[in-house]
Structure formats: C-alpha cells, structure tokens
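Here the structure comes first, spelled out in structure tokens, and everything after it is commentary.
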Amino acid sequence: MKEVRILQIDNRGRIVIPYIVRKSLGVTTNSQLMMVADSETKEIKISPIGLAQDRKPIKYRIKMKDVPGSLGKIATTFGNLGISLFYGESVIIEKDKVAIWTVIGPHPKNKTLEDIIEILKKDGNALDVEISPFE
C-alpha cells in the first residue's frame, strides 16, 4: 500500500516521517536511509537500506565493455560474493565500447577491497574498478 503525504521542511532543513509510514516500512530510531536526489527531474527518493550500524556503505565505480551481458556478469559476481547492492546507475561512455556502472553497497565482511577489485576484474570481466567510502 502506498502512503502519500505532504511534508514540510523546517528552518533547519529537516522533515518528519509520519509514524504510520515509519511503522509500515520498519523504520526505527537509528535506521539507515538512503536519499537519492535527482536535480533533472526534481525528485527526492528516500529508502530504508537495512544496513547494520557497524557496516559502512561504499561506492563501486566499475568500468566495463559496452556489450550485451557485461552488466549481468558483474552483477552476478556481486551476488556470488554475497554483496547486496542498494543503488546502481549505469552510463554508456562510448557506444559498443565502454560503460560505467556506479553502485552503492555494504563493505564486504569477509573480503578486502583489493580482493573485491581482483574478483570483479577476473570473474566479472571489469576493465577497471574504483572503490571509495560513501559519504
């Protein structure tokens, strides 16, 4: 069921998420939410991400060949590593040559970032991988 509400922003830029919405989404004190603001469409989307407090999200920027199946192969590699992604956006840099997939997910528990880069290149056929903390 969708809840539609009109919210006001206070003088410090805050909004209050109504109790019924928090309850239906399972959002409680200290829940982590992800906000995506799109300046082109003038939309803001806020989603609960269910990330434990001790795990920090990180951003992966993956360069790949722009050929059918490339994105699927890399996504499958994330799945095989047990990494559930919160957000992703892909952009074609050069048609039929290079694309970039930027995704946000948790810091993996049992792999180093260097391990992840190596696995994405080897198993996912990534051309290049950059990993940075997500602010």
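Observations on the model:
- Residues of region 76-97 classified as closer than 24 Å to Lys109 by Cβ and either modelled with pLDDT of 95 or more or of a type in the set (Val, Ile, Thr) (or both), total: 3
The rows are residues; the columns are (1) closer than 19 Å to Glu130 by Cα; (2) among the β-branched types (Val, Ile, Thr); (3) out of contact with any Cys (no Cβ under 7 Å at 6 or more places or on another chain).
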residue: Ile17; (1), (2), (3): no, yes, yes
residue: Gly50; (1), (2), (3): no, no, yes
residue: Arg61; (1), (2), (3): yes, no, yes
residue: Met64; (1), (2), (3): yes, no, yes
residue: Glu89; (1), (2), (3): yes, no, yes
residue: Lys95; (1), (2), (3): no, no, yes
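- Annotation note: of Gly105, Gly26, the sole residue that is loosely packed, with under 14 Cβ neighbours inside 10 Å and in contact with a Pro (Cβ under 8 Å, 6 or more places away or on another chain) is Gly26.
- Pair list, Cβ < 8 Å and 6+ apart or interchain, from region 77-90 residues that are farther than 18 Å from Ile49 by Cα and free of Cβ contacts under 8 Å to residues at least 40 places away in the same chain to residues that are among the small types (Gly, Ala, Ser) and outside any loop (DSSP other than H, G, I, E, B): Ser90/Ala99
- Selection count where residues are outside any strand (DSSP E or B) and not hydroxyl-bearing (Ser, Thr, Tyr), scope region 61-111: 25
- Applying a threshold of 8 Å to beta carbon distances and a minimum spacing of six or more residues, or different chains, the list of pairs starting in region 59-70 at a residue that is surrounded by fewer than 17 Cβ atoms within 10 Å (Cβ to Cβ) and ending at one that is at pLDDT below 95 and of a type in the set (Gly, Ala, Ser) reads Lys59/Ser132; Arg61/Ser132.
The values are calculated or read from the model by the stated rules, or taken from the named source; none is laboratory data. What you are looking at is a predicted structure, and each value in this text was computed from that prediction instead of being measured. Ideal geometry is used to build each Cβ from the backbone, glycine not excepted, and the neighbour counts take in all protein chains shown.
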